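S.K.: Structure in C-alpha cells, see below.
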Amino acid sequence: MDNSIIIQKTIAFVKETLTNAEGGHDWWHIERVLKNARDIAETEQADMLVVELAALLHDIADSKFHNGNEEKGPAVAGAFLKSIEVEPAMIIHVQNIIRYMSFKSSFDQSVFSSIEMQIVQDADRLDAIGAIGIARAFNYGGYKGRPIYDKAVLPELHISKESYKNSSAPSLNHFYEKLLLLKDRMNTVAGKQLAQQRHQFMETYLQQLASECGLKM
Ligand code: ADP
Ligand code: NI
C-alpha cells in the first residue's frame, strides 16, 4: 500500500477512536504532534513513515485513561497497523515508540531508543509546553476535578514513576513537576530550539499568575 494511503487510513482510525477524548489528548493534540514531528524530522535522518505513524498512534489508548494499562496503547496500535498490512518490523518499532516515549517511562532505565522515537517524544513534549501546554494542563486538571492551585500543597520532585503517576496535586504543581523540566530534556537540535521560546512564555505566564494570585514561586 502507498504510504499516503497508510497515513490517510491511520488518520481516520485515530479521529474515530479519539472522538470523546479529554481535550488535551484529543485529535487536535495528535494533529499538533504530527506537525511538530514532521517539522523536526525534516532536520534529521529518519524514517518519515515511522515518525508519522508513531505520532498519530502515540495516545491511541493512553494508560491514564485506561486504568493504568500501559500495554493497551501498543496493542491497539499494533492490531490496527496489522489490519492495514504494515510490515511487522515497522509495527514493532511503532509499538516500542508508544511504549517508551512517555514522561513517566523516563523514570525507568531506558531500554529502547531510536531517532524516530526521539523525534516523536520531542514533538509530544513541545505540545506540553508554551501556550497550548498551559491550556492542556488546566484542562486535564479540570477533567480530574483538581484545583488550579492550592497554597498549602507544594510541588514535589518525583523520583519514581509510581509517585509521579499517583500524584493528584493541583494543576499548577504540574508545571514544576514536569512542564518546566522539559526544555532540558529535548533530544533533537530543532526540538531544543523550539522548546526555548515556549518555555520562556510559560515563565512569563507563571510570573503574572503569581502576582495576580499572591503566590510565592
Ligand atoms: P506521559 O503521558 O507522557 O507520561 P503525562 O502523564 O504528564 O505524560 O501527560 C501528558 C499531558 O497531560 C501533560 O503534558 C499535561 O498537559 C497533562 N497532564 C498530565 N498529568 C497532569 C497533571 N497532574 N496536572 C495537569 N496536567 C497534567
Ligand atoms: Ni501525547
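S.K.: Looking at the range 176-207 only, could you name the residues that are within 23 Å of Ile97 (Cα to Cα), more than 11 Å from ligand 1 (Cβ to nearest atom) and among the charged types (D, E, K, R)?
M.R.: Residues satisfying the conditions are Lys183, Asp184, Arg185, Lys192.
S.K.: Being modelled with pLDDT of 95 or more and touching a His at 6+ places or on another chain (Cβ under 9 Å): is that true of Asp59 here?
M.R.: yes
S.K.: Here's a follow-up. For the structure I just gave you, tell me whether Phe13 is surrounded by fewer than 20 Cβ atoms within 10 Å (Cβ to Cβ), closer than 30 Å to Ile134 by Cβ and at pLDDT 95 or above.
M.R.: Working: surrounded by fewer than 20 Cβ atoms within 10 Å (Cβ to Cβ): yes; closer than 30 Å to Ile134 by Cβ: yes; at pLDDT 95 or above: yes.
Yes; evaluated as a whole, the condition is true for this residue.
S.K.: Sort out which residues of the range 20-32 are within 11 Å of the chain's Cα centre (by Cα) and open to solvent by less than 20 Å² (accessible area, probe 1.4 Å), and write them in order of number.
M.R.: Let us first name the residues in the range 20-32 that are within 11 Å of the chain's Cα centre (by Cα), namely 24-25, 29-30, 32.
Matches in the range 20-32: Gly24, His29, Ile30.
Conditions tested, residue by residue: (1) modelled with pLDDT of 95 or more; (2) at positive phi; (3) surrounded by 17 or more Cβ atoms within 10 Å (Cβ to Cβ); (4) not charged (D, E, K, R).
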site: Ile159; (1), (2), (3), (4): no, no, no, yes
site: Lys165; (1), (2), (3), (4): no, no, no, no
site: Ser171; (1), (2), (3), (4): yes, no, yes, yes
site: Lys183; (1), (2), (3), (4): yes, no, yes, no
site: Arg198; (1), (2), (3), (4): yes, no, yes, no
site: Ala210; (1), (2), (3), (4): yes, no, no, yes
site: Gly214; (1), (2), (3), (4): yes, yes, no, yes
site: Met217; (1), (2), (3), (4): no, no, no, yes
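S.K.: Return the pair list, or none, for Cβ contacts closer than 6 Å from residues in the range 151-175 that are within 11 Å of ligand 1 (Cβ to nearest atom) to residues that are of a type in the set (Gly, Ala, Ser), at least 6 apart or on different chains.
M.R.: These pairs meet every condition: Ser171/Ala137; Ser171/Gly141; His174/Ala137.
S.K.: Hey, can you tell me all the residues within the range 102-125 that are within 16 Å of ligand 2 (Cβ to nearest atom) and more than 8 Å from the chain's Cα centre (by Cα)?
M.R.: Lys104, Ser105, Ser106, Glu116, Met117, Gln118, Ile119, Val120, Asp122
S.K.: Every residue in the range 59-101 that is more than 15 Å from ligand 2 (Cβ to nearest atom) and acidic (Asp, Glu), please.
M.R.: Glu71, Glu85, Glu87
S.K.: Same structure again: Across the range 86-112, what is the total count of residues that are modelled with pLDDT under 95, open to solvent by less than 40 Å² (accessible area, probe 1.4 Å) and of a type in the set (A, V, I, L, M, F, W, C)?
M.R.: So the answer is 2.
S.K.: Can you go through Asp184, Asp150 and tell me which one is touching a Pro at 6+ places or on another chain (Cβ under 7 Å) and acidic (Asp, Glu)?
M.R.: Values: Asp184 fails: touching a Pro at 6+ places or on another chain (Cβ under 7 Å).
After ruling out the rest, the residue left standing is Asp150.
S.K.: Going residue by residue through the range 69-85, is there one that turns out to be exposed (fewer than 15 other Cβ atoms within 10 Å of the Cβ) and within 17 Å of the chain's Cα centre (by Cα)?
M.R.: Yes: the range 69-85 contains one or more residues that are exposed (fewer than 15 other Cβ atoms within 10 Å of the Cβ) and within 17 Å of the chain's Cα centre (by Cα).
S.K.: Among the residues of the range 33-47, write down those that are open to solvent by 60 Å² or more (accessible area, probe 1.4 Å) and under 17 Å from Ile98 (Cβ atoms).
M.R.: Matches in the range 33-47: Asp47 only.
S.K.: Moving to a separate point now. Inside the range 151-213, counting only helices (runs of 4 or more DSSP H) that do not spill past its ends, which hold 3 or more residues that are within 18 Å of Ala135 (Cβ to Cβ)? Step through it out loud before you land on a result.
M.R.: Details: elements: 161-166, 171-177, 189-213.
Answer list for the range 151-213: 171-177, 189-213.
S.K.: Among the candidates Ile30, Ile5, Ile40, single out the residue that is away from ligand 1 (no atom under 16 Å from the Cβ) and in contact with a Leu (Cβ under 9 Å, 6 or more places away or on another chain). Write out each step before concluding.
M.R.: Details: Ile30 fails: away from ligand 1 (no atom under 16 Å from the Cβ); Ile5 fails: in contact with a Leu (Cβ under 9 Å, 6 or more places away or on another chain).
Result: Ile40 is the single residue among Ile30, Ile5, Ile40 that is away from ligand 1 (no atom under 16 Å from the Cβ) and in contact with a Leu (Cβ under 9 Å, 6 or more places away or on another chain).
S.K.: Just checking, how many residues over the range 126-146 are assigned to a loop (DSSP other than H, G, I, E, B) and more than 11 Å from ligand 1 (Cβ to nearest atom)? Spell out the reasoning first.
M.R.: Keep residues of the range 126-146 that are assigned to a loop (DSSP other than H, G, I, E, B), which gives 127-129, 144-146.
Of the ones still in play, those that are also more than 11 Å from ligand 1 (Cβ to nearest atom) are 145.
Total satisfying the criteria: 1.
The values are calculated or read from the model by the stated rules, or taken from the named source; none is laboratory data. If you're wondering where the values come from, they're calculated on a predicted model, not measured in any experiment. Using ideal geometry, Cβ is built from the backbone for each residue, glycine included, and neighbour counts are taken over all protein chains shown. To get the accessible areas, we keep the full protein, side chains included, count just its heavy atoms, and leave off ligands, DNA and RNA. Shrake-Rupley method; radii C 1.70, N 1.55, O 1.52, S 1.80 Å.
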